[in-house]
Amino acid sequence: MNKATAIPRLDNERVVVTEWCFEPGAETGHHVHMMDYLVIPLTDGTLDVGGIQTTLHTGVAYARPAGVAHNVINAGQQALRFIEVELKSPAFPSTPRGVSS
């Protein structure tokens, strides 16, 4: 398997930020996302995700919930890069401060 490269960019109490780099045919290997996440493409390209081809456009983000299981493959002829942001915790508590439930 031609493995995609994961470059850690930030890991703090709220988020994990990873830059993913895929040569043509490179893949992540099967994995399950344990946190909600979003992806911001840095290049245009085509991914094969579970046998479904998806076209990415630079700067057009998308989000997915925790529990997503897949293998991501660069199905295009060009190198592909994106930023993945995994959300460790919600931005705000479920009950705002000063508000009784």
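The values are calculated or read from the model by the stated rules, or taken from the named source; none is laboratory data. For clarity, every value in this text was computed on a predicted model and none was experimentally measured. A quick note on method: Cβ atoms are made from the backbone with ideal geometry, for glycine too, and the neighbour counts reach across all protein chains shown.
Details
- Note on the stretch 78-89: residues that are part of a loop (DSSP other than H, G, I, E, B), touching a Phe, Trp or Tyr at 6+ places or on another chain (Cβ under 8 Å) and of a type outside the set (Gly, Ala, Ser) amount to 0.
- Test for Arg97: is it at pLDDT below 95 and surrounded by 12 or more Cβ atoms within 10 Å (Cβ to Cβ): no
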